[in-house]
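Read-outs throughout are calculated quantities, based only on the coordinates presented, and are distinct from any laboratory measurement. Here the structure is a predicted model, which is why all the values come from computation and not from measurement. Note: ideal-geometry Cβ built from the backbone for every residue, glycine included; neighbour counts use all protein chains shown.
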Amino acid sequence: MFVALGITLFYIIFVWFVFFKAQWLKFNVAWGIVSFWVGAHLLLIFLVALRFFQPFSADSHVVRSTIQILPKLTQPTLLTEVLVEPNTIVTKGEPLYRFDDTVYELAVKKAQAQLVGAQQNAKILEQDVIAAAEAVERAQAQLAYAQTQKARYENLVPAGGARQDELDRWNEQVTEDKALIKEAVANLEKANLALDSQIDGVNTGIIQAQAELDQAQYFLDNTTIYAPENGMIVSQQARPGLVVGDIRLGAIASFVTEDNPYILATFRQQNLKFVEVGQPVEVALDLYPGEILTGKVEAIWWATRQGQYLPSGRLPGFELPELPGRIAVQITVDVPEDRIFPAGGHAAVAIYTGQGKSFEFLRRINIRLYSFANFIRPLDI
């Protein structure tokens with residue numbers, strides 16, 4: 001807009017000087033038509049060249065990544081301490097919020113006791129194997145004795161040296177001892193299976209108890225929330241007394257990160273014909289009138305919402321949008337250390353594609369006029 005006004009004003013002054021001030025030519029209807037035709041085309045040439053070779057956008061904002069602070073707790077828990085001041089930079093790892101940890105400490109103690117019990121049970125399983133093996137040996141010894149007695153009475157009964165009922169008793173004893181051996185062998189196998197229930201040489205009962213202890217410790221650790229990165233809480237709404245837990249669906253705060261901010265500028269699609277990653281950029285941040293920051297094109301977001309269709313049972317409808325979708329360009333800016341780069345800060349951006357360099361000075365004038373105009377714009381004093 002400033003460029004168009006400047007070119008128009010310059011041409012009007014030029015026409016005035018030629019026809020009225022210096023009177024090199026006599027102004028008439030024919031010269032009026034020619035002057036208008038030349039001026040309109042001159043303005044059009046400049047505007048088209050600037051539009052494609054040095055695209056400009058006043059729809060640009062500073063973007064900083066935000067992290068939603070969401071407590072990971074298993075039950076409603078009371079917020080006891082708020083350890084961070086709003087709008088104050090904190091470093092990664094600093095505590096932000098502390099919750100009541102009474103229930104979670106008890107859960108850890110319970111899990112620790114269960115782990116000790118599981119470790120003792122693993123030792124008991126080893127003794128069960130030994131006892132089962134000894135039971136097999138005893139059953140085998142009893143069977144051998146019974147078989148010996150059975151053979152002895154089988155020789156005595158025909159000779160009249162013993163009664164038939166004694167032989168029958170030892171036959172029954174042999175049968176019973178064989179069953180006892182099968183039972184003892186089964187118990188030994190069962191004890192071995194229980195002992196062999198391991199993962200990487202560790203009893204599964206111990207692994208399960210250790211996992212429950214780790215989970216209890218995890219939730220206990222989460223009763224204190226730490227800063228995930230360098231950054232700050234902007235709007236501090238959480239206060240002691242707030243209850244959070246499994247019934248809360250949203251975050252209690254938004255953490256604005258300090259690292260890797262960028263500007264996201266939107267352009268009409270045709271203006272990006274010659275724009276490429278790495279091209280130099282000038283930025284006029286509204287926060288600092290009269291100053292120009294430098295940067296470069298980091299990425300072009302070749303996608304808009306108008307190009308997305310979500311899965312549904314409805315057939316797509318095609319309607320001409322009121323405005324064509326604009327394409328966003330991500331820009332990294334060289335921000336001086338003594339300057340603030342606020343999230344949501346508004347700016348104007350000019351990209352220099354390297355083509356049409358003879359027109360480049362006009363865009364540089366344009367963005368500087370925009371920056372200086374921020375001293376008085378908007379007129380809401």
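Highest mean packing comes first when the peptides 299-309, 234-244 are listed by Cβ atoms within 10 Å, giving 234-244, 299-309.
One decimal place: the segment Ile13-Phe375 gains 127.6 nm when fully extended, by the rule 0.36 nm per residue minus the C-alpha distance.
Taken as Cα centroids, segment 319-357 and segment 147-201 sit 92 Å apart, rounded to the nearest whole angstrom. Inter-label distance, Lys123 to Phe318: 7.8 nm, where each label sits 7 Å from its Cα along the C-beta direction.
In order along segment 338-351, phi translates into HN-Hα couplings of 8, 10, 8, 10, x, 4, x, x, 8, 8, 10, 10, 10, 9 Hz, rounded to whole numbers, per the Karplus curve 6.51 cos²θ - 1.76 cosθ + 1.60 with θ = phi - 60° and x for Gly and Pro.
Each Cα pair under 8 Å and six or more residues apart adds its sequence gap; the mean of these over the residue count of segment 178-306 is a relative contact order of 13 percent.
Which part of segment 111-147 falls in the paramagnetic zone of Lys190, meaning amide N under 16 Å from the point 7 Å along Cα-to-beta-carbon? Only 125-136 fall inside the zone, counting backbone N under 16 Å. Segment Val234..Gln308, full-extension length gain: 23.4 nm, with 0.36 nm per residue of separation and the alpha-carbon distance subtracted.
Annotation for Lys109 and Asn260: the two label points, set 7 Å from Cα along the Cα-Cβ direction, are 4.4 nm apart.
Taking label points 7 Å from Cα along the Cα-to-Cβ direction, Ile340 and Ala131 give a separation of 7.4 nm.
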